[in-house]
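Student: Quick one: this structure, given as structure tokens, is what I'll be asking you about.
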Amino acid sequence: MEIKAADVAKLRKMTGAGMMDCKQALIEAEGDYDRAQEIIREKGKLVSAKRADRTATEGVVVAKVVGGTKAYMACLACETDFVAKNDDFSKTAQEILDVAISTDAADMDALLVAKLGDVTVADAVTEKSGQTGEKVELPYYGKIEAPMCIVYVHSNKKLGAMVGFSKVISDEAAYDVAMQAAAMAPVSISEKDCPADVIERERAIGREQARLDGKPENMLDKIAEGKLRKYFSEATLVNQAFVKNPKLTVDGYIKSVDKDVEIVAYQRFSLND
């Protein structure tokens, strides 16, 4: 049967797939649009399977604060910078974030089964793989809630952070802390919420370093604790030196803005980590 250019254009608008892929799908589906869409989706799954061993290290991080008290952030990843900078790819990333916001998705599992148009978010990601010919995945989704939330996405769109505060402070101060979190990659807000496995790893490293330095066995634990405190000063957000004024810690900086404010939520994601 004859497949007209208008038919191909219609399917392309419906799926976002390339013109030749749309034409081939319509030929295979004998003009049936529903079946042609299924073929496009199946192709996406085939591309994903074939490229499963590839690494998706490019992409787009998107984030948004809603109502001042909730923040959402997601990343849609691909293989090449060329695809990542495509307007349609960025649009899909934003649409996924919009779904997260509209459904108030609690976690990645909830987001993946939420509907984006006629398909789930998981299927939309697979379709994007078929459209681009690259491995496309959703490696990160996060949400925080606090009396005040702020987000920061770096200009390269590969890195973002969300920070929540116990009370409302100036946007400038909050943004400074979010930029610090993005740039300095703290493992947690403070030693109190530092993951137990990270603490044990750093403590073990401290003991081993002391042993290799020839320190007495009965001093190893004390030395390890000292090294752990140094680690906390460098790797936890509130204890880090504030980049804009290294004489202050981040906690010291926010206390200079408001002595009663605390950081109560934090998430960060980077495609380069």
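Student: Taking the condition of being under 30 Å from ASP81 (Cβ atoms), open to solvent by less than 80 Å² (accessible area, probe 1.4 Å) and outside any strand (DSSP E or B), how many residues in the stretch 257-273 meet it?
Tutor: Residues flagged as under 30 Å from ASP81 (Cβ atoms), open to solvent by less than 80 Å² (accessible area, probe 1.4 Å) and outside any strand (DSSP E or B) within the stretch 257-273 amount to 1.
Student: Select, from TYR140, TYR175, TYR152, the only residue that is outside any strand (DSSP E or B), open to solvent by 20 Å² or more (accessible area, probe 1.4 Å) and at pLDDT 95 or above.
Tutor: TYR175
Student: Between a residue in the stretch 75-104 that is closer than 15 Å to ALA56 by Cα and any residue that is part of a helix (DSSP H, G or I) and of a type in the set (Phe, Trp, Tyr), which pairs come within a Cβ distance under 6 Å, given they are 6 or more apart or on different chains?
Tutor: Between residues of the stretch 75-104 that are closer than 15 Å to ALA56 by Cα and residues that are part of a helix (DSSP H, G or I) and of a type in the set (Phe, Trp, Tyr), the close pairs are VAL83/PHE89.
Student: Could you list, in sequence order, all residues of the stretch 101-120 that are β-branched (Val, Ile, Thr) and either in contact with a strand residue (DSSP E or B) (Cβ under 7 Å, 6 or more places away or on another chain) or under 18 Å from ARG12 (Cβ atoms) (or both)?
Tutor: ILE101, VAL113, VAL119
Student: State the number of residues belonging to the stretch 71-113 that are part of a loop (DSSP other than H, G, I, E, B), under 18 Å from the mean Cα position of the chain (by Cα) and of a type outside the set (A, V, I, L, M, F, W, C).
Tutor: The qualifying residues number 5.
Student: Further, regarding this structure: Just checking, does the stretch 124-134 include any residue being out of contact with any His (no Cβ under 8 Å at 6 or more places or on another chain), surrounded by fewer than 18 Cβ atoms within 10 Å (Cβ to Cβ) and either under 19 Å from VAL62 (Cβ atoms) or of a type in the set (Asp, Glu) (or both)?
Tutor: Looking for residues that are out of contact with any His (no Cβ under 8 Å at 6 or more places or on another chain), surrounded by fewer than 18 Cβ atoms within 10 Å (Cβ to Cβ) and either under 19 Å from VAL62 (Cβ atoms) or of a type in the set (Asp, Glu) (or both), one finds none in the stretch 124-134, hence no.
Student: Can you report the number of residues in the stretch 180-196 which are of a type in the set (A, V, I, L, M) and either assigned to a strand (DSSP E or B) or open to solvent by 60 Å² or more (accessible area, probe 1.4 Å) (or both)?
Tutor: Number satisfying all stated conditions: 4.
Student: Please state which one of ASP104, ASP81, ASP88 is farther than 12 Å from LEU138 by Cβ and in contact with a Gly (Cβ under 9 Å, 6 or more places away or on another chain).
Tutor: Result: ASP88 is the single residue among ASP104, ASP81, ASP88 that is farther than 12 Å from LEU138 by Cβ and in contact with a Gly (Cβ under 9 Å, 6 or more places away or on another chain).
Student: If you go through the stretch 114-121 one residue at a time, do you hit one that is in a helix (DSSP H, G or I) and either modelled with pLDDT of 95 or more or open to solvent by less than 60 Å² (accessible area, probe 1.4 Å) (or both)?
Tutor: Within the stretch 114-121 (the criterion being in a helix (DSSP H, G or I) and either modelled with pLDDT of 95 or more or open to solvent by less than 60 Å² (accessible area, probe 1.4 Å) (or both)), the answer is yes, since at least one residue qualifies.
Student: Of the residues ILE169, ILE254, which is modelled with pLDDT of 95 or more, part of a loop (DSSP other than H, G, I, E, B), touching a helix residue (DSSP H, G or I) at 6+ places or on another chain (Cβ under 9 Å) and farther than 30 Å from PHE89 by Cα?
Tutor: Checking each option against the conditions leaves just ILE169.
The values are calculated or read from the model by the stated rules, or taken from the named source; none is laboratory data. Since we're looking at a predicted model, the values are computed, not measured. Note that each Cβ is placed from the backbone with ideal geometry, even for glycine, and that neighbours are counted across all protein chains shown. Keep in mind that these areas ignore ligands, DNA and RNA; they rest on the heavy atoms of the full protein, side chains included. Shrake-Rupley method; radii C 1.70, N 1.55, O 1.52, S 1.80 Å.
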